[in-house]
Amino acid sequence: MASLIDVAPAPRSRLARARRLHLWLALLMVVIGALSLGAGATGVDPLAALWRLARGLPLERTEAVVLLDIRLPRLAMGLLVGAALAVSGALMQGLFRNPLADPGIVGVSAGAGLGAISAIVLGGALPAGLAVLAGPHLVALAAFAGALASTWALYRIATRQGRTSVSTMLLAGIALGALTGALSGVMVYLADDNQLRDLTFWGLGSLSGASWSRLAASAPIIFVALAAASTLGRALNALSLGEATAAHIGIPVQSAKRRAILCVAGATGAAVAVSGGIGFIGIVVPHLLRLASGPDHRALLINAGLLGATLLVAADMVARSIVSPSELPIGIVTAVLGAPVFLWILLKRHGADAC
Amino acid sequence: MLSARNITLTLGHNTVLHDTCFDAAPGEVTAICGPNGSGKTSLLRCLSGDLPHGGRVTLNGEDISTLEPWQLAARRGVLPQASQLAFPFTTLELVEIGLSHARAPAEGAALRALARTGLAHHAERPVNTLSGGQQQRAHLARVLAQVGSPVGPDSPRWLLLDEPVSALDIAHQLQVMQIARDFADAGGGVVAVMHDLNLTAMFADSVTLMAGGRPLASGTTADVMTSDTLGKAYGCTLRVGSAPPPGTPFVLPQTATA
Ligand SMILES: Nc1ncnc2c1ncn2[C@@H]1O[C@H](COP(=O)(O)OP(=O)(O)OP(=O)(O)O)[C@@H](O)[C@H]1O
Ligand SMILES: [Mg+2]
């Protein structure tokens with residue numbers, strides 16, 4: 001005889017688990033970051049350098065240069081770019097209600113890429129005054145402008161009477177991506193030999209160009225975008241029920257979507273500007289986190305930032321050590337690590353759909 | 001009161017609602033009936049503020065187009081005809097999403113709503129693994145949790161339900177209709193799109209019968225549910241009978257002649 005009152009044991013909260021994960025992922029990030037400071041072709045040991053400092057001795061010249069001007073900015077850039085890509089992925093997936101969406105898919109990365117490539121190829125032809133004004137930030141600014149322009153174009157195409165159609169946006173994104181890709185191709189055709197080498201390396205994705213001055217152009221944009229993204233958790237949770245239901249629940253849907261789009265443009269544009277095309281972080285990281293601690297965006301967005309940062313720094317260590325003293329473009333490493341994970345996810349999804 | 005005045009709605013090139021007026025009172029269950037495509041869902045979507053339309057909808061005297069989404073969310077919950085969920089949230093997490101608008105949701109509100117719809121034992125299962133009827137009840141639980149008590153600090157609250165029992169077995173149909181009835185009896189307002197005329201007769205106080213994008217009849221259940229009116233709306237001859245003891249109308253599908 002079944003009891004009339006439906007009682008159940010108090011459920012364990014996955015959100016609490018995901019919140020605890022913040023701490024563990026932050027710890028992991030610190031550990032991997034410290035390891036990456038010690039990895040490199042020159043054999044400079046950060047512990048030895050610390051020990052010198054502790055004894056009140058000044059750093060040797062090579063130590064200072066390698067640690068402070070090469071490895072530290074590279075670590076900082078890896079952390080920022082990784083976080084930006086992973087959070088952009090999580091935002092896009094929430095926005096498009098599709099766990100396979102990514103800034104790469106809706107043409108945001110392609111738009112940023114076109115901006116950056118144009119800056120590399122045509123930068124020399126700028127009027128002298130403008131070139132001086134933009135200075136070392138030219139590529140970053142152009143990439144950000146490209147990302148924003150393609151996101152804005154998408155938004156205009158896909159939005160009628162204040163309502164954004166996700167499917168129109170996805171399809172328009174594919175078309176825009178193809179168009180910007182073609183324009184980038186024209187730019188590559190125009191490039192001279194030196195520019196071509198720059199472009200190839202940039203296009204495969206790399207952190208090797210890291211410097212404090214490049215970081216200064218991108219870091220503020222990424223910081224603002226990440227901070228703004230972390231406030232979108234509730235809205236994205238509600239949006240997974242569809243736009244109409246999200247509005248019924250009390251979410252100001254249009255403004256939430258607009259903020260999400262701006263965050264994606266900012267984070268992706270700034271990341272692409274300094275590091276080129278680094279793929280798969282945006283898809284793999286949120287997926288792994290959903291498997292580990294559920295899809296709640298309030299925790300997912302923060303965890304994605306932490307894990308994305310860690311993963312990219314780890315991938316950079318692999319890229320630097322595998323063919324040492326030379327190095328692989330990091331985009332190759334993330335693709336080799338990420339694509340199988342991505343396929344595995346697809347296979348698992350297929351199995352889940354079938355039964 | 002929930003009132004709609006002169007609603008005109010155009011979707012694509014179709015004018016789906018023609019100059020439609022509608023009223024529902026708190027303390028009552030108001031059913032919207034009518035054939036497929038007659039505009040029931042469209043009317044409900046106008047009442048919930050989903051679609052830009054001609055005319056005016058007021059909820060407890062306030063024009064809903066002047067209310068912010070979170071203000072509306074505190075005054076009324078909406079159960080759509082079909083629901084989707086993009087990510088593998090558990091049933092409990094789904095119901096908690098419904099509490100997004102509340103600054104400090106009551107302790108255990110989500111679990112209580114699940115228990116009310118008979119789903120407490122499924123709290124930790126991903127919604128996508130529930131059966132169709134269970135999913136419908138899970139979304140109803142989300143709406144119940146969102147709305148909370150039937151009467152707010154200074155005005156009644158509302159449930160707008162689009163075919164809340166379409167996927168349910170007979171016991172759960174009765175359970176869900178009883179939830180709606182109790183909500184109305186406690187002072188809240190319920191508007192439900194219904195296809196089941198017998199349940200409508202059992203639980204609704206008044207009925208608006210839609211046909212071809214306008215209300216064909218509206219009034220008390222007994223006034224609207226006559227052989228004549230129903231026959232006109234659905235385009236087939238029906239005979240309305242009465243169950244002997246309580247005297248509520250019922251319809252035998254066997255009485256239909258093409
Ligand atoms: N997006 C749309 N574009 C054009 N026409 C639409 C659209 N949505 C609905 N309609 C039309 O509007 C009319 C009313 O649709 P509605 O969904 O309100 O019907 P309904 O009474 O709820 O029917 P059902 O009982 O099948 O749920 C139908 O003729 C339908 O074809
Ligand atoms: Mg309908």
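What the table shows:
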quantity	calculated
Counted residues, segment B:96-128 - those being in a helix (DSSP H, G or I), facing chain A (nearest Cβ under 9 Å) and closer than 24 Å to A:Ser293 by Cβ	8
Residues being over 12 Å from B:Glu124 (Cα atoms) and either within 16 Å of ligand 1 (Cβ to nearest atom) or more than 7 Å from every other protein chain (Cβ to nearest Cβ) (or both) - total across segment B:85-95	0
Unique residue being buried (at least 22 other Cβ atoms within 10 Å of the Cβ), touching a residue at least 60 places away in the same chain (Cβ under 8 Å) and not β-branched (Val, Ile, Thr) when the list is A:Ala267, A:Ala246, A:Ala256, A:Ala219	A:Ala267
Condition broken by A:Gly279, with the remaining ones in (1) within 28 Å of B:Gly98 (Cα to Cα); (2) of a type outside the set (Val, Ile, Thr); (3) open to solvent by 20 Å² or more (accessible area, probe 1.4 Å) satisfied	(1)
Number of positions in segment B:153-177 that are farther than 17 Å from B:Gly118 by Cβ, within 14 Å of chain A (Cβ to nearest Cβ) and away from ligand 2 (no atom under 16 Å from the Cβ)	3
Top-ranked residue in segment A:198-216 [being in a helix (DSSP H, G or I) and more than 16 Å from the chain's Cα centre (by Cα); ranked as modelled with the lowest pLDDT]	A:Phe201
Filter result for the condition that a residue is at pLDDT below 80 and within 21 Å of A:Pro220 (Cβ to Cβ), over A:Gly135, A:Gly129	A:Gly135
Qualifying residues in segment B:178-198 (those that are within 16 Å of ligand 2 (Cβ to nearest atom) and of a type in the set (A, V, I, L, M, F, W, C)) - the one farthest from B:Asn36 (Cα to Cα)	B:Val191
Residues satisfying the stated conditions in segment B:38-77, i.e. acidic (Asp, Glu), touching a strand residue (DSSP E or B) at 6+ places or on another chain (Cβ under 9 Å) and away from ligand 2 (no atom under 16 Å from the Cβ)	B:Asp63
Single residue of segment B:131-149 satisfying the filter (more than 13 Å from every other protein chain (Cβ to nearest Cβ) and open to solvent by 30 Å² or more (accessible area, probe 1.4 Å)) that is nearest to B:Val193 (Cα to Cα)	B:Gly132
Check on B:Leu44, under 20 Å from the mean Cα position of the chain (by Cα) and surrounded by 23 or more Cβ atoms within 10 Å (Cβ to Cβ)	yes
Residue that is nearest to B:Leu72 (Cα to Cα), among those in segment B:9-24 that are more than 13 Å from ligand 1 (Cβ to nearest atom) and either open to solvent by 30 Å² or more (accessible area, probe 1.4 Å) or among the polar types (S, T, N, Q) (or both)	B:Asp23
Scope segment A:327-355; condition β-branched (Val, Ile, Thr), modelled with pLDDT of 80 or more and open to solvent by less than 40 Å² (accessible area, probe 1.4 Å); matching residues	A:Ile330, A:Val333, A:Thr334
Checking B:Ala115 against (1) open to solvent by 10 Å² or more (accessible area, probe 1.4 Å); (2) under 21 Å from B:Leu130 (Cα atoms); (3) within 16 Å of ligand 1 (Cβ to nearest atom), the condition it does not meet	(3)
Close pairs from segment A:294-320: first outside any helix (DSSP H, G or I), partner open to solvent by 10 Å² or more (accessible area, probe 1.4 Å) and basic (Lys, Arg), Cβ under 6 Å, at least 6 apart	A:Gly294/A:Arg14
B:Ala217 modelled with pLDDT of 95 or more, over 16 Å from the mean Cα position of the chain (by Cα) and open to solvent by less than 60 Å² (accessible area, probe 1.4 Å)	yes
Some residue of segment B:90-97 being more than 16 Å from ligand 2 (Cβ to nearest atom), open to solvent by 30 Å² or more (accessible area, probe 1.4 Å) and in contact (Cβ under 8 Å) with a residue 40 or more places away in the chain	yes
A:Leu306 vs. criteria within 27 Å of B:Thr91 (Cα to Cα), open to solvent by less than 40 Å² (accessible area, probe 1.4 Å) and touching a helix residue (DSSP H, G or I) at 6+ places or on another chain (Cβ under 6 Å)	no
Test for B:Pro35: is it touching a residue at least 12 places away in the same chain (Cβ under 8 Å), within 16 Å of ligand 2 (Cβ to nearest atom) and either aromatic (Phe, Trp, Tyr) or part of a loop (DSSP other than H, G, I, E, B) (or both)	yes
Odd one out for B:Thr200 among (1) out of contact with any Leu (no Cβ under 8 Å at 6 or more places or on another chain); (2) open to solvent by 10 Å² or more (accessible area, probe 1.4 Å)	(2)
Members of segment B:51-84 found to be within 10 Å of chain A (Cβ to nearest Cβ) and either more than 26 Å from A:Arg298 (Cβ to Cβ) or hydrophobic (A, V, I, L, M, F, W, C) (or both), listed by number	B:Leu51, B:Pro52, B:Trp70, B:Leu72, B:Ala73, B:Ala74, B:Val78, B:Leu79, B:Ala82
A:Leu95 being modelled with pLDDT of 80 or more and either touching a Gly at 6+ places or on another chain (Cβ under 8 Å) or away from chain B (no Cβ under 14 Å) (or both)	no
Residues within segment A:22-47 that are open to solvent by 40 Å² or more (accessible area, probe 1.4 Å) and either more than 28 Å from A:Leu307 (Cα to Cα) or polar (S, T, N, Q) (or both), tallied	1
Qualifying residue in segment B:67-79 (condition: within 15 Å of ligand 1 (Cβ to nearest atom) and farther than 30 Å from A:His287 by Cβ)	yes
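Each row is one residue, and each column tells you yes or no for (1) farther than 21 Å from B:Gln81 by Cβ; (2) within 16 Å of ligand 1 (Cβ to nearest atom).
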{"residue": "B:Ser166", "(1), (2)": "no, yes"}
{"residue": "B:Val191", "(1), (2)": "no, yes"}
{"residue": "B:Met202", "(1), (2)": "yes, no"}
{"residue": "B:Arg214", "(1), (2)": "no, yes"}
{"residue": "B:Ser227", "(1), (2)": "yes, no"}
{"residue": "B:Leu230", "(1), (2)": "yes, yes"}
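The values are calculated or read from the model by the stated rules, or taken from the named source; none is laboratory data. All values derive from a computational prediction rather than experimental measurement. Cβ sites come from the backbone with ideal geometry, for glycine too, and all protein chains shown count toward neighbours. Only protein heavy atoms, including side chains, enter the accessible area calculation; ligands, DNA and RNA are left aside. Shrake-Rupley method; radii C 1.70, N 1.55, O 1.52, S 1.80 Å.
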